[in-house]
1. Under the condition of being in a strand (DSSP E or B) and either free of Cβ contacts under 8 Å to residues at least 24 places away in the same chain or in contact with a helix residue (DSSP H, G or I) (Cβ under 7 Å, 6 or more places away or on another chain) (or both), which residue from the range 169-178 is farthest from S206 (Cα to Cα)?
2. Out of all the residues in the range 184-218, which are in a helix (DSSP H, G or I) and surrounded by fewer than 22 Cβ atoms within 10 Å (Cβ to Cβ)?
3. Could you tell me whether D289 is closer than 20 Å to A323 by Cα, assigned to a helix (DSSP H, G or I) and touching a residue at least 24 places away in the same chain (Cβ under 8 Å)?
4. Please go through the range 333-347 and pick out each residue that is among the polar types (S, T, N, Q) and crowded, with 21+ Cβ neighbours inside 10 Å.
5. Evaluate the range 214-233: report whether one residue or more is under 17 Å from the mean Cα position of the chain (by Cα) and either farther than 30 Å from G360 by Cα or assigned by TED's automatic domain parsing to the domain that holds D186 (or both).
6. Right, A330: modelled with pLDDT under 90, out of contact with any helix residue (DSSP H, G or I) (no Cβ under 6 Å at 6 or more places or on another chain) and either farther than 26 Å from R267 by Cβ or among the polar types (S, T, N, Q) (or both) or not?
7. Based on what the data block shows, is A104 assigned by TED's automatic domain parsing to the domain that holds D230 and surrounded by fewer than 13 Cβ atoms within 10 Å (Cβ to Cβ)?
8. Read through the list (1) in contact (Cβ under 8 Å) with a residue 40 or more places away in the chain; (2) under 14 Å from L167 (Cα atoms), then give the number of the only condition that F294 fails.
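The values are calculated or read from the model by the stated rules, or taken from the named source; none is laboratory data. As the structure is a computational prediction, the values presented were derived from the model and not from experiment. Cβ sites come from the backbone with ideal geometry, for glycine too, and all protein chains shown count toward neighbours.
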Amino acid sequence: MKKTDSTTPPSSASWWDESCSARTELARRDLLKGLLGAGAGTATAVGLYARAQTTVTRDALEVQRELGWSFGAVREPLVFDGEAEVPYDAAALTTLVATLRPSASAHKPYYVPTLLEAPLAEPTPSELEAHAPTLAEQLVPVCSDEMTAMYRRGEALAARPTSPGTLIVVDLFGPESVAFAAGMADAFDVVLGFDNWPHPRGVVASHLTLAAVVYYHPRLVRAAARRPADAPAVIALDRGRLGPRDDTRSRFDNRYLALVPDPEGLRALGVSRVVYVVPDGEATLEGDDLNADFVAWDAAGIELRRQPADALDLDGPSELPHAPVARPTAFSWADGQTNKPDGFGAVDVLVTASTGQAAGVLFGMSQLGCCAGGDDDDDAWGRGSSTGG
């Protein structure tokens, strides 16, 4: 399985920490300047700032579990594209985790239901008082043209002869990955691997992935009831999990790393061959957080193939050999391990100095600015009980 310890290589730790520290201090100065220039109520404003100036960097998911899924932006709505007009029982949200669990017990260690738990999250008391919407209230089923195309391609791959001992790893953008796996669900045991919660300002648009799960939920449940008990696994990942590296807007860092079996885990599953599904022929590298895993699989003698999803529209074989090469990335430094960098999947929480109570989120700091070259002008303070930023 994957390591997620927050260590950094010696060559990068210093610039990472110094950059985050400098950006946090600049943001505080900018905020204080704005308060001082406010005119009336300046004394009150400066007092409020002084009580909230302590900043604590915390894991983003932990913050959401403790303080609310939309903490820092509770009044900002989620935006859905491709809404589907289908009958939907909102009560089914309470069953997602249980009903979408893999059928085979051997596949369950790689099932990551974090995203499916999000609709059940209760608002914090402060949010209840403000009548903040829950995630379940905002959620709608979604099916786009791209999802429909990927569903058909998943059906096409499932219909092709599959060598014994094959594992399919689908690495498409979240909604399309769900659709592709749903297309394979009659013949393959679907293993969802989505390890974050949505947020109105999320780097990863995982609310769309969850909306796709809701749309395909009945289909996935029906398929699970009729597929063979020994069906091979298809692991569905979200290609957007590492986020846009060049986004300089103020975002909540809900990024995460993928979980896949290590070589011993593959052997325990009887897997000798992995097919890696990517969007098209131009996607020739595995995800940065998967590089160390793929190199380890290759060294263990696992046959690796790459399947461009768009090539499934054509007749005939379309798999390609996949030969991974160890490469230094933010997540792997050619040391045979996958590492979670400092500040990745983390947010800077503003804490009232006198009480220790969380007061908001400082957007654009370690969670994105230090990683993606964000401008200082993009830094923003989101209060847990207002519009955020």
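1. Within the range 169-178, the subset in a strand (DSSP E or B) is 169-172.
Subsequent filtering for residues that are either free of Cβ contacts under 8 Å to residues at least 24 places away in the same chain or in contact with a helix residue (DSSP H, G or I) (Cβ under 7 Å, 6 or more places away or on another chain) (or both) retains 170-172.
Numbers: V170: 16, D171: 14, L172: 13 Å.
Only one residue fits best here, namely V170.
2. To start, the set of residues in the range 184-218 that are in a helix (DSSP H, G or I) comprises 184, 206-218.
Passing the criteria: only P218.
3. Working: closer than 20 Å to A323 by Cα: yes; assigned to a helix (DSSP H, G or I): yes; touching a residue at least 24 places away in the same chain (Cβ under 8 Å): yes.
So D289 passes the test.
4. Of all residues in the range 333-347, those among the polar types (S, T, N, Q) come to 337-339.
Of everything in the range 333-347, those that are among the polar types (S, T, N, Q) and crowded, with 21+ Cβ neighbours inside 10 Å turn out to be T338, N339.
5. Restricting attention to the range 214-233, the residues satisfying the condition of being under 17 Å from the mean Cα position of the chain (by Cα) are 214.
Next, from what is left, pick out any that are either farther than 30 Å from G360 by Cα or assigned by TED's automatic domain parsing to the domain that holds D186 (or both): 214.
Taking every residue of the range 214-233 in turn, at least one turns out to be under 17 Å from the mean Cα position of the chain (by Cα) and either farther than 30 Å from G360 by Cα or assigned by TED's automatic domain parsing to the domain that holds D186 (or both).
6. Details: modelled with pLDDT under 90: yes; out of contact with any helix residue (DSSP H, G or I) (no Cβ under 6 Å at 6 or more places or on another chain): yes; either farther than 26 Å from R267 by Cβ or among the polar types (S, T, N, Q) (or both): yes.
Here the answer is yes, as A330 does meet what is asked.
7. Spelling it out, it is not the case that A104 is assigned by TED's automatic domain parsing to the domain that holds D230 and surrounded by fewer than 13 Cβ atoms within 10 Å (Cβ to Cβ).
8. (1)
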